[in-house]
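Rule-based calculations on the coordinates, nothing more; no lab input. Remember, predicted model here, so these are calculated numbers, not experimental data. Positions of Cβ are backbone-derived with ideal geometry, glycine not excepted, and every protein chain shown enters the neighbour counts.
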Amino acid sequence: MPLYEHVFLARQDLSQSQVDALAATATEIVESNGGKVTKTETWGLKSLAYKIKRNRKAHFVLLNVEAPAGVIAELERQTQINEDVIRYMSVRVDEHEAGPSVQMRKNDRERSRRREREEA
C-alpha cells in the first residue's frame, strides 16, 4: 500500500484540544475509507514565514498514512472544506521515518538547551 505524509496547519487561535480533534477527524477519514494512520505528531504552535489568511502563527500536525490514492484525495477534500485548516500538503514517500521526525527532534534539542540555561 502506498505511504504518504500529510501535514496541515491549523489556525493560531485554536486550543490544543481542538487541534487534537482535527487530527482525530483526519484519522477517522483515512480509516473509514480503508487506510491506516501509523503515526500522528503535533509539532505545536510555530511562527510562519509570512501571513496566511491573516495568521502569523499556526499549529502544525503531521500524519503518516498508509492508504490508496483515493483515500488521500478524500482526506484533502475534507481538509480543504474545514475552515480551521489554513494550509495542508500530502506527499508520497518511499518509507516512513522511524522514530520521531526531524521537527520533533529539533523541539527536544531546543527544550534541553532552554533547561540547561535555566539551571546555570
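Only counting other Cβ atoms within 10 Å, I'd like Asp84, Asp108 sorted with the fewest neighbours first.
Asp108, Asp84
Excluding same-chain residues fewer than 8 positions from Lys51, which aspartates and glutamates have a Cα within less than 19 Å of its Cα?
List returned: Asp13, Glu83, Asp84.
Suppose R0 equals 41 Å. What FRET efficiency, 1/(1 + (r/R0)^6) with r the Cβ-Cβ distance, do Gln18 and Arg117 give to the nearest 0.05?
Plugging the Cβ-Cβ distance into 1/(1 + (r/R0)^6) gives 0.80.
Using only Cα atoms, tell me the angle between helix 16-32 and the longest principal axis of the chain; keep it within 0 to 90° and round to the nearest 10.
Once rounded, one gets 30 degrees.
Measure nothing but the geometry: give the 0 to 90° angle between the long axis through the Cα atoms of 102-119 and the longest principal axis through the Cα atoms of the chain, rounded to 10°.
20 degrees
Where a Cα-Cα gap under 23 Å defines reach, which lysines qualify for Lys57, not counting those fewer than 8 residues away within the same chain?
Leaving aside lysines fewer than 8 places away in the same chain, those within reach of Lys57 are Lys46, Lys106.
Could you point to the residue in Asn55, Val37, Leu75 farthest towards the positive end of the chain's charge dipole, with +1 and -1 charges on the Cβ of Lys/Arg and Asp/Glu respectively?
Checked the options; the winner is Asn55.
What are the radius of gyration and Dmax of region 3-119, computed over its Cα atoms and given in Å?
Just the Cα atoms of region 3-119 yield Rg and Dmax of 15.1, 51 Å.
Taking only Cα atoms, what is the 0 to 90° angle, nearest 10, from helix 69-81's long axis to the longest principal axis of the chain?
With rounding to tens, the tilt is 60 degrees.
Got the relative contact order for region 3-119 handy, in percent, Cα pairs under 8 Å and 6 or more residues apart?
Relative contact order comes out at 38 percent.
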